Amino acid sequence: MCLDTDLQSIQEMRHALIKAHEAQKLFATFSQQKVDQIVKNIADAAFREANRLAEMAVKETGIGIVAHKKIKNEVSSRDVYESIKNEKTIGIIHRDYASKLIEIAYPFGVVAAIIPTTNPTSTAIYKTLISLKSGNAIVASPHPRATKCTIEALKVCSQAAIEAGAPEGIIGWISNPTLEATTQLMKHKLTNVILATGGVGLVRAAYSSGKPAYGVGPGNVPVYIEKSANIAKAVKNIIDSKTFDNGTICASEQAIVVDANIKEATIRELKKNKAYFVEGEEKQKVERIISPVIGQLNPDIVGKSAVEIAKMAGIQVPPDTRVIIAEEDRLEKSAPFSIEKLSPILALYTAPTKEKAKEICLGLLNLGGRGHSLSIHTNNEQIAEEFSKEMPVSRIMVNTLSSIGAVGATTGLKPSFTLGCGSYGGNITGDNISARHLINIKRLAFVTKEVSIPQEIVQPQHITEKEEKTVEEVVAKVLADVKYDTQSIDKKVIIDLVQKVVSQVAL
C-alpha cells in the first residue's frame, strides 16, 4: 500500500523525532569536553565542504551567488564555532561564591529547526552547531525548494558528529518535507523548542504551536546616510552589502534615506558603483515585478541579480548593473519600492532634516521591519546613539555593511543566522540567537542569612458579663425545656463548658 506524500512525510518526521529523542537522552550524559569535541568536528567538516554546499544551494534554488554562499557557510561553521567554543553549556556553568549560588545548565531536548530557501546550507550548519553545543538533538525541516542541499549539509554534520562519538539520530531531518509534516513537527510532544526561520506565516505557526519558539520577523531595513558620513565609503558599503548573495540576507538594506544637502553627491557615488536609476515607465515596470499583488513580494525576484530582474521587468540596463534604484517619497505597501525586497533593489528617500530622516526610517520599519535592524553611516556618534534610542529595532549597524554586520561578520554581534526582533517584532528576544538560548538554567541556592519568623500570638477570648448572663439564661431554659432535675446536676459545670465552646467557636 502506497502512502500519499503528506503521510510519508509525517511518518518520516515522527521516526526522526523518536530517534532524536532517544539519542538526546544518551547525549545528555556527555561531559562538556566530549560535547565540545563533537561540535568542533562538525564545524571543521562543514567548513571543508563550504564551497561544495554553496554550489549545491545555488544550483537547486536558483538563488544567490556561489562565492557569497560559500562565505555564509564559512561564517556559519568557523565563526559560529569560534563564538561558542569556550561557553559552558553542560552541567555546572557558574559558581557565585558571594551569593552562594550555583548555576546548572540542562538542555531543552529536541530542537525542531525550520530551514529557509534563501540561506539553506548555512542555516542548517548554524542551527546544528548551536543545538548540539547546548546538549540538544535537532530535527530539521528543509524548505521544499532547498531540500537536497539542506540534507547534504545535515549529512555532513551528522557524519562528523557520529565520527566524534555522538549517538546516531542526534541530527535528523525530513527528506520529503511538506507543510503538514512541518506543522506537526512543531506541535509534536517530542519537540521541546523551535528555531523558526522563514516567512511570517511559518513563524506565527511556530509561536502558536504550544512550544517554546525562537522566530524572526521581516527585515525592511532602512539605511540613513547622515551629512557627516564619508559618502564614498558609505555608498560602497551599501552596494556591497545589498549585492551580497543578491540581497537574500534579511538584514540587507532595503531603502536609503539621505540628507538633502548630500543627495547629489550620494547619487553620483551610487552611479559610480553601478547603480541604475529607474523613473517613469521603467519604475512602473520594476514595481510590477517587485509586487504583482499589493504588499506582497514576488518570490521569483528573491536572490536574482539586478540584470536578471531588469530582464524580467522588460527594461534594458547595462550588463554590469549591480543595483536598481528608484527615488521614492511614499511610505505604504502599495509602493513596491518601500517594502522588503530581498534582491538588489533599493528605494532612495530624501530627508531635509534629521527629524524627517527619523520619520522616514520609522515609516519603513512600520511597513514590516519593526524590531529587526537599522543601518546608519555617520561620523557623529551622538546621532548614532540618538537613532538607537528612538528607533524600534534590535540592532543598529554603524558605518558597515548591514547585511553581514547584523549577523556578526563585521561587528561584535554574536555570529548568528537567526536574528530576534524583540517585543517590537513580536519575538521573545532581540538577541542574535546562539547556543545559550537553547539551554535552561537551574540554580542551587544555599542559605546566606538566617531569619526569625514571628509566631502569631492568639489571645484567649474573654466572655463579657452580658454574654455570661446570656449563657446562664440559655442553660436554664434548656434544662427547663427537657424537664431535667436541676437539683441533681451542677449548672456551673454546664455553664463553664458552654463558655469554652463559645470561646473556641469565636476563634
Next item on the list: Just give me the residues in the range 293-309 being assigned to a loop (DSSP other than H, G, I, E, B), crowded, with 20+ Cβ neighbours inside 10 Å and touching a Lys or Arg at 6+ places or on another chain (Cβ under 7 Å), in sequence order.
Entry: Leu297
Note to self: Name the residue that is farthest from Ile262 (Cα to Cα), counting only residues in the range 309-334 that are free of Cβ contacts under 8 Å to residues at least 24 places away in the same chain and touching a helix residue (DSSP H, G or I) at 6+ places or on another chain (Cβ under 8 Å).
What the structure shows: Met312
Margin query: Looking only at the range 310-325, filter to residues that are in a loop (DSSP other than H, G, I, E, B) and in contact with a Lys or Arg (Cβ under 8 Å, 6 or more places away or on another chain); which one of those is surrounded by the most Cβ atoms within 10 Å (Cβ to Cβ)?
Written below: Arg322
Check: Does at least one position in the range 422-441 carry a residue that is surrounded by fewer than 23 Cβ atoms within 10 Å (Cβ to Cβ), within 11 Å of the chain's Cα centre (by Cα) and in a strand (DSSP E or B)?
Finding: yes
Notebook entry, point to check: Taking into account only those residues within the range 209-232 that are in contact with a Lys or Arg (Cβ under 9 Å, 6 or more places away or on another chain) and of a type in the set (Ser, Thr, Tyr), which is surrounded by the fewest Cβ atoms within 10 Å (Cβ to Cβ)?
Noted result: Ser209
Next item on the list: Would you mind stating whether Glu359 is farther than 10 Å from Val257 by Cβ and not in a strand (DSSP E or B)?
Entry: no
Check: Is it the case that some residue within the range 90-106 is among the aromatic types (Phe, Trp, Tyr) and under 17 Å from the mean Cα position of the chain (by Cα)?
Finding: no
Margin query: Tell me yes or no: at least one residue of the range 69-82 is more than 26 Å from Asp36 (Cβ to Cβ) and either small (Gly, Ala, Ser) or in contact (Cβ under 8 Å) with a residue 60 or more places away in the chain (or both).
Written below: yes
Check: Got a number for residues in the range 273-282 being touching a helix residue (DSSP H, G or I) at 6+ places or on another chain (Cβ under 9 Å) and either free of Cβ contacts under 8 Å to residues at least 12 places away in the same chain or assigned to a strand (DSSP E or B) (or both)?
Finding: 3
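Residues are listed down the side, and each one gets a yes or a no for (1) surrounded by 18 or more Cβ atoms within 10 Å (Cβ to Cβ); (2) assigned to a helix (DSSP H, G or I); (3) not hydroxyl-bearing (Ser, Thr, Tyr):
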site: Thr183; (1), (2), (3): no, yes, no
site: Ile194; (1), (2), (3): yes, no, yes
site: Ala234; (1), (2), (3): yes, yes, yes
site: Asn246; (1), (2), (3): yes, yes, yes
site: Ala251; (1), (2), (3): yes, no, yes
site: Ala255; (1), (2), (3): yes, no, yes
site: Val258; (1), (2), (3): yes, no, yes
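Within 13 Å of Gly217 (Cα to Cα) and touching a residue at least 24 places away in the same chain (Cβ under 8 Å) - does that describe any residue in the range 376-390?
Of the residues in the range 376-390, the ones within 13 Å of Gly217 (Cα to Cα) are none.
No, that holds for no residue.
Residue-by-condition table, conditions (1) among the β-branched types (Val, Ile, Thr); (2) free of Cβ contacts under 8 Å to residues at least 40 places away in the same chain; (3) at negative phi; (4) surrounded by fewer than 24 Cβ atoms within 10 Å (Cβ to Cβ):
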residue	(1), (2), (3), (4)
Val111	yes, no, yes, no
Lys127	no, no, yes, no
Ser131	no, no, yes, no
Pro144	no, yes, yes, yes
Glu163	no, no, yes, yes
Ala166	no, no, yes, no
Leu179	no, yes, yes, yes
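Please tell me if Ala406 is closer than 15 Å to Lys227 by Cβ, buried (at least 19 other Cβ atoms within 10 Å of the Cβ), of a type in the set (A, V, I, L, M, F, W, C) and modelled with pLDDT of 95 or more.
Details: closer than 15 Å to Lys227 by Cβ: no; buried (at least 19 other Cβ atoms within 10 Å of the Cβ): yes; of a type in the set (A, V, I, L, M, F, W, C): yes; modelled with pLDDT of 95 or more: yes.
Considered against the rule, which asks whether it is closer than 15 Å to Lys227 by Cβ, buried (at least 19 other Cβ atoms within 10 Å of the Cβ), of a type in the set (A, V, I, L, M, F, W, C) and modelled with pLDDT of 95 or more, Ala406 comes out as no.
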Margin query: Need pairs with beta-carbon distance below 6 Å; first residue in the same structural domain as Pro142 (by TED's automatic domain parsing) and over 23 Å from Ile170 (Cβ atoms) and within the range 184-207, second assigned to a loop (DSSP other than H, G, I, E, B) and not polar (S, T, N, Q); sequence gap 6+ or separate chains.
Written below: Gly198/Pro116
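Quick grid of which residues meet (1) farther than 19 Å from Lys69 by Cβ; (2) in contact with a helix residue (DSSP H, G or I) (Cβ under 7 Å, 6 or more places away or on another chain); (3) in a loop (DSSP other than H, G, I, E, B):
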position: Ala105; (1), (2), (3): yes, no, no
position: Ala153; (1), (2), (3): no, yes, no
position: Ala161; (1), (2), (3): yes, yes, no
position: Pro177; (1), (2), (3): yes, yes, yes
position: Lys189; (1), (2), (3): yes, no, yes
Notebook entry, point to check: Among the residues of the range 355-386, which ones are over 26 Å from Pro336 (Cβ atoms) and buried (at least 18 other Cβ atoms within 10 Å of the Cβ)?
Noted result: Thr378, Ile383, Ala384
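Would you say Lys127 is among the basic types (Lys, Arg), modelled with pLDDT of 95 or more, in a helix (DSSP H, G or I) and within 18 Å of the chain's Cα centre (by Cα)? It would help to see each step written out before you state the result.
Numbers: among the basic types (Lys, Arg): yes; modelled with pLDDT of 95 or more: yes; in a helix (DSSP H, G or I): yes; within 18 Å of the chain's Cα centre (by Cα): yes.
Yes.
Among the listed residues Glu340, Glu332, Glu328, Glu359, which satisfies the condition of being in the same structural domain as Asp240 (by TED's automatic domain parsing) and touching a Gly at 6+ places or on another chain (Cβ under 8 Å)? Please lay out each step first, then the result.
On the way: Glu332 fails: touching a Gly at 6+ places or on another chain (Cβ under 8 Å); Glu328 fails: touching a Gly at 6+ places or on another chain (Cβ under 8 Å); Glu359 fails: touching a Gly at 6+ places or on another chain (Cβ under 8 Å).
Exactly one of Glu340, Glu332, Glu328, Glu359 is in the same structural domain as Asp240 (by TED's automatic domain parsing) and touching a Gly at 6+ places or on another chain (Cβ under 8 Å), namely Glu340.
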Notebook entry, point to check: What number of residues within the range 16-44 are in a helix (DSSP H, G or I), out of contact with any helix residue (DSSP H, G or I) (no Cβ under 9 Å at 6 or more places or on another chain), among the polar types (S, T, N, Q) and in contact (Cβ under 8 Å) with a residue 12 or more places away in the chain?
Noted result: 3
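Is it the case that Gly369 is at negative phi and at pLDDT below 95? Full working, then the answer.
Details: at negative phi: yes; at pLDDT below 95: yes.
Criteria met by Gly369.
The values are calculated or read from the model by the stated rules, or taken from the named source; none is laboratory data. Not measured: the values here are computed from a predicted model. Don't worry about glycine lacking a Cβ; one is built from the backbone with ideal geometry, like all the others, and counts go over all protein chains shown.
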